[in-house]
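Structure first, commentary second.
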Amino acid sequence: MANTPPPVGADLLDRSAEDPPRPDDRIDDARHDEENRLKPEYVRAVQAALEADEKATVYALVEPLHPADIADLFELLERDERTRLAAAITDLMTGEVVAELNDYVREEMMDALPAAAVASIAEQLEYDDAVQLLEDLDAPERQAVLDELDAEDRHAIESALAYPEETAGRLMSRDFVAVPEHLTVGNLIDFLRDNGDLPDNFWEVFVVDHAHHPLGTCQLSWILRTPRSVPLADVMQRDQTLIPVTMDQEEVALMFQKYGLISAAVVDGSGRLVGQMTVDDVVHIISEEAQEDTMLLSGAGEGDINEPIRDAYKARVRWLLANLLTASVASTVISQFEDKIAAMVALAVLMPIVAGIGGNAGTQTLAVTVRALATNQLTSANTFRAIRREVSIALLNGTTVAVVIGFVVSALFANTMLGAVIALAMMCNIMIAGLAGVVVPLTLERLRIDPAIASSIFVTMTTDSMGFLVFLGLAVAFGLV
């Protein structure tokens with residue numbers, strides 16, 4: 001076996017320098033490093049084989065890949081190539097691959113498959129992944145897939161789909177271990193060893209009463225270190241974090257971060273244990289929410305390169321048009337000083353500096369405030385303290401920048417008064433920027449508008465228009481023009 005040649009195309013797969021190609025071996029963990037992605041020449045080889053309709057070659061190229069890398073390969077191909085690739089590697093299109101696909105690519109692939117094929121893939125997945133697979137389908141298509149599932153799977157998925165999107169009920173896993181309180185540690189160990197229908201991975205056992213209400217938890221490490229004769233009631237931890245099925249996923253993630261949880265019980269409206277959230281689900285939520293907030297803050301929609309052009313256009317153009325309207329406010333301010341600017345060209349040269357630095361200062365404060373709101377660090381209880389803090393920081397920053405710009409402009413234009421004017425204007429605008437950066441998102445939050453979506457437009461409008469107004473107004477007030 002040592003002399004077995006590597007599979008076709010194995011030399012085109014990225015590997016680290018210390019890890020040379022090995023025959024018939026899946027790509028190891030090093031393949032997932034940022035520097036070890038699918039090589040362009042490998043992707044081109046797959047595309048060439050698809051173009052030539054050489055299915056055997058395509059299969060041989062793709063077969064060694066890890067499921068996550070197969071998903072990456074789909075995302076690197078054109079839309080028509082994805083369909084042909086799926087047809088060429090039918091038995092490699094496992095639930096693991098589908099679960100790793102980008103949302104848009106997965107939806108596109110599911111639309112192209114018959115209901116029976118989608119149902120077959122769903123049956124390979126954990127319930128939470130199967131729910132994510134079906135929730136994006138149109139109602140008739142989703143029902144057709146549900147009709148292909150067996151009764152138990154269909155009931156579990158339909159129950160999850162009944163909960164609102166992005167709640168614990170949608171995301172929870174229904175695979176968990178729950179036992180009654182009257183067992184001993186020995187009874188529990190025997191149950192775990194003899195039961196062949198347990199989840200593949202779990203870290204704790206939930207202890208419940210006769211009505212299936214959670215009473216406590218037992219970590220596997222405790223169970224293994226405790227004598228068999230000890231009752232579970234004596235070793236279990238009764239204090240536990242319970243997650244309502246209707247809790248928003250952001251709140252779930254914050255709870256896991258705050259209390260350092262690995263898993264937590266999910267309960268329905270009557271307090272019955274219906275599922276569990278695990279840390280791997282929460283890591284995905286944190287990543288997804290962070291990316292979403294970043295894209296919303298820039299007005300770039302979901303920011304997914306696989307997002308349809310029409311959807312991306314709709315998401316971006318409305319904020320560009322809104323920005324066009326807010327930019328006109330700054331233009332109106334400038335037009336009121338048109339003759340003054342013409343009389344002193346230096347004003348036109350320096351205006352963008354005042355507005356630009358103010359905009360950057362506002363963006364810094366805005367980023368901190370939006371993050372604090374998202375993580376519940378900023379609430380009505382500490383609003384005024386947060387405002388005082390940001391204004392204090394703005395005062396220090398404004399003073400520093402004002403001194404520097406004042407000396408530079410005085411020396412560059414040989415005009416001390418102009419240096420004083422721009423220094424004072426810079427300090428005022430940075431102070432305004434600091435105040436706007438915290439007040440605008442707080443106001444939007446009170447109005448139940450996502451501050452990550454619209455804050456940047458209003459903050460930029462404020463810093464631009466007020467920067468021009470203060471600078472030009474002071475120039476007139478101090479008799480420069």
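Candidates are the residues of the stretch 217-258 that are within 30 Å of Pro164 (Cα to Cα), in contact with an Asp or Glu (Cβ under 8 Å, 6 or more places away or on another chain) and part of a helix (DSSP H, G or I); the one that is modelled with the lowest pLDDT is Glu250. Can Arg388 be described as more than 28 Å from the chain's Cα centre (by Cα) and among the basic types (Lys, Arg)? Yes. Out of curiosity, is Pro164 closer than 26 Å to Glu251 by Cβ, surrounded by fewer than 18 Cβ atoms within 10 Å (Cβ to Cβ), not assigned by TED's automatic domain parsing to the domain that holds Ser287 and not charged (D, E, K, R)? Against the criterion (closer than 26 Å to Glu251 by Cβ, surrounded by fewer than 18 Cβ atoms within 10 Å (Cβ to Cβ), not assigned by TED's automatic domain parsing to the domain that holds Ser287 and not charged (D, E, K, R)), Pro164 qualifies.
This table checks each residue for (1) free of Cβ contacts under 8 Å to residues at least 60 places away in the same chain; (2) in contact with a Cys (Cβ under 8 Å, 6 or more places away or on another chain); (3) under 20 Å from Leu198 (Cα atoms).
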{"residue": "Leu92", "(1), (2), (3)": "yes, no, no"}
{"residue": "Asp103", "(1), (2), (3)": "no, no, no"}
{"residue": "Leu113", "(1), (2), (3)": "yes, no, no"}
{"residue": "Ser120", "(1), (2), (3)": "yes, no, no"}
{"residue": "Val145", "(1), (2), (3)": "yes, no, no"}
{"residue": "Ala162", "(1), (2), (3)": "yes, no, no"}
{"residue": "Met172", "(1), (2), (3)": "no, no, yes"}
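Taking the criterion of being among the polar types (S, T, N, Q) and either touching a Leu at 6+ places or on another chain (Cβ under 7 Å) or at pLDDT below 85 (or both), the residues of the stretch 259-294 that qualify are Ser287, Gln291, Thr294. Residues that are in contact (Cβ under 8 Å) with a residue 60 or more places away in the chain and in contact with a Gly (Cβ under 8 Å, 6 or more places away or on another chain) within the stretch 419-452 comprise Ile422, Ala425, Met426, Asn429, Ile430, Ile432, Ala433, Gly434, Ala436, Gly437, listed in sequence order.
From the list Thr462, Thr416, Thr383, pick out the single residue that is assigned by TED's automatic domain parsing to the domain that holds Thr332, buried (at least 19 other Cβ atoms within 10 Å of the Cβ) and among the hydroxyl-bearing types (Ser, Thr, Tyr). Lay out the reasoning, then the answer.
Values: Thr416 fails: buried (at least 19 other Cβ atoms within 10 Å of the Cβ); Thr383 fails: buried (at least 19 other Cβ atoms within 10 Å of the Cβ).
Checking each option against the conditions leaves just Thr462.
Determine whether Arg82 is touching a Phe, Trp or Tyr at 6+ places or on another chain (Cβ under 6 Å) and assigned to a helix (DSSP H, G or I). Yes: the conditions hold for Arg82.
Please work out if Asp111 is outside the structural domain of Trp203 (by TED's automatic domain parsing), modelled with pLDDT under 85 and under 21 Å from the mean Cα position of the chain (by Cα). It would help to see each step written out before you state the result.
Details: outside the structural domain of Trp203 (by TED's automatic domain parsing): yes; modelled with pLDDT under 85: yes; under 21 Å from the mean Cα position of the chain (by Cα): no.
Taking the combined requirement at face value, the residue does not satisfy it.
Using the structure shown, decide if Thr94 is polar (S, T, N, Q), touching a helix residue (DSSP H, G or I) at 6+ places or on another chain (Cβ under 9 Å) and farther than 22 Å from Leu171 by Cα. Can you show your working first?
On the way: polar (S, T, N, Q): yes; touching a helix residue (DSSP H, G or I) at 6+ places or on another chain (Cβ under 9 Å): yes; farther than 22 Å from Leu171 by Cα: no.
In short, no.
Taking the conditions exactly as written (touching a residue at least 12 places away in the same chain (Cβ under 8 Å), over 25 Å from Ala322 (Cα atoms) and touching a Gly at 6+ places or on another chain (Cβ under 9 Å)), does Val409 satisfy them or not? Yes, satisfied.
Select from the stretch 90-117 the residues that are aliphatic (A, V, I, L, M), more than 15 Å from Asp136 (Cβ to Cβ) and surrounded by fewer than 19 Cβ atoms within 10 Å (Cβ to Cβ) and list them in ascending order.
Listed by number, the residues that qualify are Leu92, Ala116, Ala117.
In the stretch 148-160, which residues are buried (at least 16 other Cβ atoms within 10 Å of the Cβ) and assigned to a helix (DSSP H, G or I)?
Start the filter on the stretch 148-160 by keeping residues that are buried (at least 16 other Cβ atoms within 10 Å of the Cβ), which leaves 148-149, 153-154, 156-157, 159-160.
Passing the criteria: Glu148, Asp153, Arg154, Ala156, Ile157, Ser159, Ala160.
Of everything in the stretch 237-246 that is under 17 Å from Ser173 (Cα atoms) and surrounded by fewer than 19 Cβ atoms within 10 Å (Cβ to Cβ), the residue that is nearest to the chain's Cα centre (by Cα) is Thr246. Entry remark, the stretch 125-140: residues being modelled with pLDDT of 80 or more and surrounded by fewer than 16 Cβ atoms within 10 Å (Cβ to Cβ) number 4 in total.
State which residue is surrounded by the most Cβ atoms within 10 Å (Cβ to Cβ) when the search covers only the stretch 174-200 and only residues that are in a loop (DSSP other than H, G, I, E, B) and in contact (Cβ under 8 Å) with a residue 40 or more places away in the chain. It would help to see each step written out before you state the result.
If we filter the stretch 174-200 for residues that are in a loop (DSSP other than H, G, I, E, B), which is where we start, we get 174-177, 181-183, 195-200.
Checking the rest, the ones that are also in contact (Cβ under 8 Å) with a residue 40 or more places away in the chain come to 174-176, 181-183.
Numbers: Arg174: 17, Asp175: 18, Phe176: 20, Glu181: 14, His182: 11, Leu183: 18.
If we take residues in the stretch 174-200 being in a loop (DSSP other than H, G, I, E, B) and in contact (Cβ under 8 Å) with a residue 40 or more places away in the chain, then Phe176 is surrounded by the most Cβ atoms within 10 Å (Cβ to Cβ).
Going residue by residue through the stretch 201-223, is there one that turns out to be in the same structural domain as Pro244 (by TED's automatic domain parsing), of a type in the set (Asp, Glu) and on the phi < 0 side of the Ramachandran plot? I'd like the intermediate steps shown before the answer.
Looking only at the stretch 201-223, we keep the residues that are in the same structural domain as Pro244 (by TED's automatic domain parsing), and these are 201-223.
Those still in the list that are of a type in the set (Asp, Glu) too: 204, 209.
Now restrict to residues that are on the phi < 0 side of the Ramachandran plot: 204, 209.
Among the residues of the stretch 201-223, at least one is in the same structural domain as Pro244 (by TED's automatic domain parsing), of a type in the set (Asp, Glu) and on the phi < 0 side of the Ramachandran plot, which makes the answer yes.
Here is a yes/no grid of residues against (1) crowded, with 21+ Cβ neighbours inside 10 Å; (2) assigned to a loop (DSSP other than H, G, I, E, B); (3) modelled with pLDDT under 90:
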residue: Ala425; (1), (2), (3): yes, no, no
residue: Asn429; (1), (2), (3): yes, no, no
residue: Leu444; (1), (2), (3): no, no, yes
residue: Ala454; (1), (2), (3): no, no, yes
residue: Phe471; (1), (2), (3): yes, no, no
residue: Leu474; (1), (2), (3): no, no, no
residue: Leu480; (1), (2), (3): no, yes, yes
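Condition first: assigned to a helix (DSSP H, G or I), of a type in the set (S, T, N, Q) and modelled with pLDDT under 90. Now tell me which residues in the stretch 379-408 satisfy that.
As a first pass, look at the stretch 379-408 and keep what is assigned to a helix (DSSP H, G or I): 383-408.
Now drop any that are not of a type in the set (S, T, N, Q), which leaves 383, 392, 397, 399-400.
Scanning the stretch 379-408 gives a single hit, Thr383.
From the list Asp200, Asp153, Asp234, Asp147, the one residue that fits, being over 33 Å from the mean Cα position of the chain (by Cα) and not small (Gly, Ala, Ser), is Asp234.
The values are calculated or read from the model by the stated rules, or taken from the named source; none is laboratory data. Being a predicted model, the structure only gives us computed values, none of them experimental. Quick reminder, even Gly has a Cβ in these numbers, built from the backbone with ideal geometry, and neighbours come from all protein chains shown.
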